[in-house]
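Please read the structure below before turning to the comments.
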Amino acid sequence: MKNIERERVFLLKELPSNISEYKMLQIKVGDFYDSNSTDALKIRQKGANFHLIKKVTNTTHERVEHVIDIKEGEFDVIFKCCVQSHEKNRYTYSTDSCEYEIDYYLGRLDGYARVEVEFDNDEDMSKFTAPEWFGEEITDINHEIHENLGIVSFNDMKERYSQRGIDLKMINNIS
């Protein structure tokens, strides 16, 4: 399956007050080679679904995502080949014009949270106004800042943002 992703990415000032009402999925992502590559090959467990993914960049805001469904046993075998991995909880809700995906990272990255806003078309994306609980937009640096995400800590991320003049705030755990 081939999908076109149109998205903007933001840090969070805080979590929305009604986050417990959002649909939550546990996600496990593994990278095979260069996690920062704009043309990345990944493996992902998203709840009870398992995928092999090839992402190819068209523009800063748009990537083509090729997704192949695989079985859990295949995931377990292939995941061992990853050079790095990370886990997160994703909280999702939709509006008429977009879908919000809040990623709260676990393990070494505990306290790091961001939101991707996915759009059906360019017009909705350009007209979007971020809610008050959103922080700084990081769409243009998202892939660069997430280099080696599977082996860095929250403090490493804080330093990366600091070098760009952005103060990364730790977000309290949702649970």
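Please compute the alpha carbon radius of gyration of segment 81-175, then divide it by the globular-protein estimate 2.2 N^0.38 Å. Two decimals is fine. Don't skip to the end; give the middle numbers.
Values: Rg = 14.3 Å, N = 95, 2.2 N^0.38 = 12.4 Å.
Expressed relative to 2.2 N^0.38 Å, the Cα Rg reads 1.15.
Going highest first, how would you order 145-153, 20-28 by mean Cβ packing within 10 Å? Spell out each step's value before the answer.
Values: 145-153: 16.8, 20-28: 14.3.
Put in order of decreasing packing, that is 145-153, 20-28.
Residues of segment 1-137: accessible area per residue at 1.4 Å, in Å²?
On a per-residue basis, 53 Å².
Under a Cβ-Cβ cut-off of 9 Å, what is the net charge of the residues other than ILE53 that fall near it, where Lys and Arg count +1 and Asp and Glu count -1?
Details: positive: LYS42, ARG44, LYS54, LYS55; negative: GLU65.
Residues near ILE53 contribute +3 overall.
For LYS46, go through the lysines and keep the ones whose alpha-carbon is under 20 Å away, minus same-chain ones fewer than eight residues off.
Leaving aside lysines fewer than 8 places away in the same chain, those within reach of LYS46 are LYS2, LYS23, LYS28, LYS54, LYS55, LYS71, LYS80, LYS88.
Which whole-Hz ³J(HN,Hα) couplings does segment 117-131 yield from phi under the Karplus relation 6.51 cos²θ - 1.76 cosθ + 1.60, θ = phi - 60°, glycine and proline marked x?
In residue order, the calculated couplings are 10, 9, 10, 7, 8, 5, 5, 4, 5, 6, 8, 5, 10, 5, x Hz.
Take the alpha-carbon centre of segment 1-33, take the same for segment 96-162, and report the distance between them in whole Å.
8
If I take the Cα coordinates of segment 63-135 and project them onto the principal axes, what are the three extents in Å, biggest first?
Reported extents, whole Å, longest axis first: 43, 29, 19.
Find which of ILE70, THR92, ILE138 sits farthest along the positive direction of the dipole of the chain, computed with +1 on the beta-carbon of Lys and Arg, -1 on that of Asp and Glu, about the Cα centre.
ILE70
Kindly provide the Kirkwood hydrodynamic radius of segment 21-125 in Å, to one decimal, from all pairs of distinct alpha carbon atoms. Intermediate results must be reported in sequence, preceding the final value.
Numbers: mean 1/r = 0.0671 Å⁻¹.
Computed over segment 21-125, the radius equals 14.9 Å.
Residue by residue through segment 94-99, what is 3J(HN,Hα) from phi via Karplus (6.51 cos²θ - 1.76 cosθ + 1.60, θ = phi - 60°)? Round to whole Hz and write x for glycine and proline.
Computed from phi, the couplings for segment 94-99 are 10, 10, 5, 10, 7, 10 Hz.
What is the packing order of peptides 93-105, 161-173, taking the mean over residues of other C-beta atoms within 10 Å and listing the highest first?
Those peptides, ordered most packed to least, come out 93-105, 161-173.
The values are calculated or read from the model by the stated rules, or taken from the named source; none is laboratory data. If you're wondering where the values come from, they're calculated on a predicted model, not measured in any experiment. A quick note on method: Cβ atoms are made from the backbone with ideal geometry, for glycine too, and the neighbour counts reach across all protein chains shown. All accessible areas refer to the heavy atoms of the entire protein, side chains included, with ligands and DNA or RNA removed. Shrake-Rupley method; radii C 1.70, N 1.55, O 1.52, S 1.80 Å.
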